[in-house]
Amino acid sequence: MKILKELDDAKLLIVDLEVRLGDEVRSAPTLCAKYKGKIIPLNTAHDGRPILMKEENSIES
């Protein structure tokens, strides 16, 4: 592994993220990155598995 570049305009934050699982609604503290004005989850709210930091995974705030 090697670091290609450091993202100066990215910020880590923890949000209370709400997700719908079928008929059930759950929320959990979720590690996210704020990048280019978008919130991008870095792990799933329901079981904590990692998610790649891609803008396609962003959530409008």
Fill in: Leading residue by the ranking (surrounded by the most Cβ atoms within 10 Å (Cβ to Cβ)) among those in the stretch 25-39 that are at pLDDT below 90 and more than 18 Å from E56 (Cα to Cα)
A28
Worksheet item: Within the stretch 1-11, is there a residue that is in contact (Cβ under 8 Å) with a residue 24 or more places away in the chain, open to solvent by 80 Å² or more (accessible area, probe 1.4 Å), out of contact with any Pro (no Cβ under 9 Å at 6 or more places or on another chain) and not β-branched (V, I, T)?
Response: yes
Worksheet, complete the sentence: Selection from the stretch 34-50 of residues within 16 Å of K11 (Cα to Cα), among the aliphatic types (A, V, I, L, M) and part of a loop (DSSP other than H, G, I, E, B) yields L42
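The values are calculated or read from the model by the stated rules, or taken from the named source; none is laboratory data. Everything numeric in this text was worked out from a predicted model, so none of it was measured. Virtual Cβ from ideal backbone geometry, glycine too; neighbours counted across all protein chains shown. In case anyone asks, the SASA skips ligands and DNA or RNA and just uses the protein heavy atoms, side chains included. Shrake-Rupley method; radii C 1.70, N 1.55, O 1.52, S 1.80 Å.
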